[in-house]
Amino acid sequence: MAKVVITQKRSVIKRPNNQKLTIKALGLGRINRSVEKELTPQIEGMIRKVSHLVSVENK
């Protein structure tokens with residue numbers, strides 16, 4: 001599986017609760033925090049849900 005680096009770029013203030021929970025489940029929570037994850041279909045769906053809040057780089 002490919003690895004991706006997910007970085008939170010925008011705040012979750014005034015966002016729907018499901019987007020806040022998705023950010024937390026990805027291991028993020030603060031602006032400029034990054035995590036490295038395996039790109040599974042589940043992670044890909046989570047990234048799609050909050051794509052306007054994060055940036056994704058292939059590793």
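A few points about this structure:
- Principal semi-axes in Å for the range 3-58 [√(5λ), Cα gyration tensor, largest first]: 17, 12, 9
- Among ILE31, ILE23, ILE13, residue whose mean-square fluctuation peaks in a GNM of the chain (springs only between Cα atoms under 10 Å): ILE13
- For LYS9, a cut-off of 19 angstrom between C-alpha atoms picks up these aspartates and glutamates, skipping any fewer than 8 places away in its own chain: GLU36, GLU44, GLU57.
- When a 1.4 Å probe is rolled over the protein heavy atoms, the share of accessible surface on the range 3-58 that falls to carbon and sulfur comes to 50 percent.
- Probe 1.4 Å, protein heavy atoms only - accessible area per residue of the chain in square angstrom: 70 Å²
The values are calculated or read from the model by the stated rules, or taken from the named source; none is laboratory data. Just so we're clear, the structure is a prediction, and the values are computed from it rather than from any experiment. Side chains included, ligands, DNA and RNA excluded: accessible areas come from the protein's heavy atoms. Shrake-Rupley method; radii C 1.70, N 1.55, O 1.52, S 1.80 Å.
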